[in-house]
Amino acid sequence: MSEVSIQVDLGTVDYDSLKTDEDFVREAQSRLPKAMEAMGNLIGEQMWSGIQKAFGTKTSEKAKFIRTAKENYMKDSAQKKRMKDFIVGRLKDGKAKQSKK
């Protein structure tokens, strides 16, 4: 399977309100569900593609497979922590870029 690029939509962030580590974590936590869902879908799609190439699975099973993969990904607490930490890092990078303006 190929490597997955993490895409997190930060939308509009009020970087001025992010002052403490807790502020960054709270903001990341609010964006976590959508990020986990998007990543779960992406991983499911990539897994499906690999399985279909290897085994020629039926296209009719694709939606169920991807939904199950996404649900499993979203339940994984280690994945949630990694995604939250990733979002916090992106928020801190965004704040640093804003400060340089």
Report summary line: Pairs returned, first residue in segment 4-19 that is of a type in the set (Gly, Ala, Ser), second residue that is surrounded by 13 or more Cβ atoms within 10 Å (Cβ to Cβ) and part of a helix (DSSP H, G or I), beta-carbon separation under 9 angstrom, 6 or more apart or interchain, are SER5/LEU42; GLY11/ARG31; SER17/ASP23; SER17/GLU27
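Looking for whichever is within 16 Å of the chain's Cα centre (by Cα), at pLDDT 95 or above and not small (Gly, Ala, Ser) here; the options are VAL25, VAL8, VAL4. Which one fits? Give the derivation first.
On the way: VAL8 fails: at pLDDT 95 or above; VAL4 fails: at pLDDT 95 or above.
Result of the check over VAL25, VAL8, VAL4: VAL25.
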Query - Tally of residues being farther than 14 Å from ILE6 by Cα, among the basic types (Lys, Arg) and surrounded by 16 or more Cβ atoms within 10 Å (Cβ to Cβ) across segment 67-80 - result: 1
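Take the residues of segment 11-66 that are outside any helix (DSSP H, G or I) and of a type outside the set (S, T, N, Q): which is surrounded by the most Cβ atoms within 10 Å (Cβ to Cβ)? Steps first, answer last, please.
Looking only at segment 11-66, we keep the residues that are outside any helix (DSSP H, G or I), and these are 11-14, 18-20, 56-58.
Imposing the further condition that a residue be of a type outside the set (S, T, N, Q) reduces the set to 11, 13-14, 18-19, 56, 58.
On the way: GLY11: 7, VAL13: 15, ASP14: 8, LEU18: 21, LYS19: 10, GLY56: 7, LYS58: 9.
Restricting to residues being outside any helix (DSSP H, G or I) and of a type outside the set (S, T, N, Q), the top hit is LEU18.
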Report summary line: Checked segment 68-84 for anything in contact (Cβ under 8 Å) with a residue 40 or more places away in the chain and either of a type in the set (D, E, K, R) or touching a Leu at 6+ places or on another chain (Cβ under 8 Å) (or both); matches are LYS80, MET83, LYS84
Query raised in the report: So which residues in segment 67-80 are touching a Gly at 6+ places or on another chain (Cβ under 6 Å) and either outside any helix (DSSP H, G or I) or aromatic (Phe, Trp, Tyr) (or both)?
Result: TYR73
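The values are calculated or read from the model by the stated rules, or taken from the named source; none is laboratory data. If you're wondering where the values come from, they're calculated on a predicted model, not measured in any experiment. Cβ sites come from the backbone with ideal geometry, for glycine too, and all protein chains shown count toward neighbours.
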